[in-house]
């Protein structure tokens, strides 16, 4: 029994050492590799830079705003920081991270549609922020608020990488180690969608609007405090949208709100009812430039 | 409480410590501890299921006892009937009630008669198919005078509910496991180490091989209409390794845990994908179930000592029953039937016991023949697995049809943001390791056993899938 317990003890020590070493290695790689997601990209931005326009929101921003087109037509610096599944908490963290790097933002465009009814964060942004949990107080605070496994992720070595293997596990670690190019080109931030929507594709907005969204209020106050011109907007939906009244409620609730939900009337420009395809994104971006006089 | 969960680790450390340090010299207390822990383990899923296992235990204990007291054939037959009716009745109700009702209604509606569908909200108790068969083997073996009735109710209850193998086997025989509860255990370093190594190897198969394959399998099978030929073929291959890694991984952990407690369980898998024909495959796959059906269904039906026509009937009976045992769905029945069809030519040509030797590949024509046989058997198995994995028989037929009609072998980017072939390297590596260790239970033998086990632990940590909570597949059976 003694020999067996000795063996178990040795194995346990080896496991703990492995976990610590792997945790350090993964963290180092994510901190030093070329960015492969938008959290990493923000943290890699040069400090004290100036950005004319920043677009924040979910995939309805990421797949919709053709940044290169805005750059070409307006000669301004633009970033598309839309991220799949992002909610207002994630918009908040992106905004705070940008400001923490002393980046001056002249105008920020925030997609607020069904997102207004969510006081939560995206699993994707949350897991992609995990490598920086111990280094950035803003990320730590954000995860403390949004991550139910915060303590395990923060204190247990390698737990964050194992439990989120899908986003920051071995595969991503290898890709980052060899600086494999990400799917998104961050200078642009736009990720086009291809194909056309099925006629049966529909989108449904919530029936009622939340009375108050704390994340939204924080974003609003941050913008005011930092004198950032902010425009809230609703990206286009196809003609098969249900509960369109919800957008009208948003207009009443948010004074500087721009409604683009109905500006694209041709369903052929959509990949699905909530997302424009590449052609649609180009069409909408041109329209946006004209409408907002960018 | 899954074997690959933190709660189970804590649970087992407590049980192990009490077992070897507190009750070391008291066999009765050790068994009582195992019984209580087994009920805690089982009740962790749903405490209500405990009543079923208790009921089966009490019935079979007293039936066994009564069988030991009577020599009258009529009485003995009646007592055996009680045991079979109670056990199969419970299994039938909890597992197959809705299936039979649904099909009954379907049959009538196909004749134009509408019937009221009165299905019940029945939750399938975890592991019911396993412990039912285990406890049935006890009463049948007493009836056949192969064993004597167990005198201690604690020992018998622990035999039925022994937690390492309770929910997914191996389905143990009373003859092998029950006497082990009466022996005073002494800790054996060698046995414990082999148990530990089996646990590590089982975990590797589950969290690295099975769960990685599962991420691809789920996407491919759920969207098979949009998949090209290569994806569909890989989907079937990945599922073959998912179910093998999952189930044999579970069995390895079960055997390993038992060895840590001083018990020996039977081997459930013996590298089935290196089989040279289907008959050999069934001697190497889920051995505890195959031998159960052989001993309690096939042989009583006459086995291979009857006319060829009856042999064919017997083969179909055991494969269909085996398929149905897996679940109340036509997909499992077709899977069983397909295996029977595969088996048939071997039976008719009396070649079903051709490969009883160890597998080796010589550098000759025979070596090439072995490789071809292994590949063909694997392909046939994969084809059958499509039925096992699909939701309906028509889904499975369409899946296979698409494999042959799509004719598109390009690499496909899946919605899990991975290419369809990405898990292949891992699977190939696993096949190579398995081939090299095919004469042993696990890879941790020889001089560098400790280093090898640390290497596998390292792979479990970095390659394991922990984000998706994947239950063991066989829990549903």
Per-pair calculated FRET efficiency, R0 = 45 Å: residue A:194 and residue B:433 via Cβ, rounded to 0.05: 0.65
Computed P(r) (all Cα pairs; the stretch A:60-100; 10 Å bins; percent): 28, 44, 28, 0
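May I ask you to sort B:250, A:155, B:97 by Cβ crowding, counting other Cβ atoms within 10 Å and putting the fewest first? Could you put the intermediate results ahead of the total?
On the way: B:250 30, A:155 9, B:97 14.
Ascending number of Cβ neighbours within 10 Å: A:155, B:97, B:250.
Normalising by the residue count of the stretch B:6-186, find the relative contact order in percent from Cα pairs under 8 Å and 6+ residues apart.
Numbers: 173 pairs, mean separation 57.5, N = 181.
The value is 32 percent.
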FRET efficiency for residue B:424 and residue A:3, using Cβ-Cβ distance with R0 set to 41 Å, rounded to 0.05: 0.50
The stretch B:110-170: relative contact order in percent, alpha carbon pairs under 8 Å with at least 6 residues between: 46
Centre separation in Å (Cα based) which lies between the stretch A:217-267 and the stretch B:66-125: 60
Dimensionless Rg over Rh [the protein assembly as shown; C-alpha; Kirkwood]: 1.03
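Can you give me the Rg/Rh ratio for the stretch B:125-218, using Cα atoms for both radii and the Kirkwood formula for Rh? Mind dumping the intermediate values first?
On the way: Rg = 16.7 Å, Rh = 15.6 Å.
The Rg/Rh ratio comes out at 1.08.
Treat the count of other C-beta atoms within 10 Å as a stand-in for reagent exposure and order A:20, A:234 from fewest to most. Write out the running numbers ahead of the final one.
On the way: A:20 12, A:234 26.
The most exposed by this proxy come first: A:20, A:234.
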The stretch A:84-242: relative contact order in percent, alpha carbon pairs under 8 Å with at least 6 residues between: 37
For q = 0.07, 0.09, 0.10, 0.12 Å⁻¹, Debye-computed log10 I/I(0) when each Cα of chain A counts as one equal scatterer: -0.30, -0.48, -0.58, -0.80
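Need one number: the % of Cα-Cα pairs in chain B sitting beyond the 32 Å mark.
More than 32 Å apart: 44 percent of the Cα pairs in chain B.
Which three numbers, in whole Å and largest first, are the semi-axes of the equivalent ellipsoid of the stretch B:6-186 derived from its Cα gyration tensor as √(5λ)?
Working: eigenvalues 239, 114, 22 Å².
Taking √(5λ) for each Cα gyration eigenvalue gives 35, 24, 11 Å.
Can you sort A:23, A:34, B:246 by how many other beta carbons sit within 10 Å, fewest first?
Arranged by neighbour count, lowest to highest, A:23, A:34, B:246 become A:34, A:23, B:246.
Bear in mind these aren't lab numbers, they're just calculated from the coordinates by the rules spelled out. Being a predicted model, the structure only gives us computed values, none of them experimental. For neighbour counting, all protein chains shown are included, and Cβ atoms are generated from backbone atoms with ideal geometry for every residue, glycine included.
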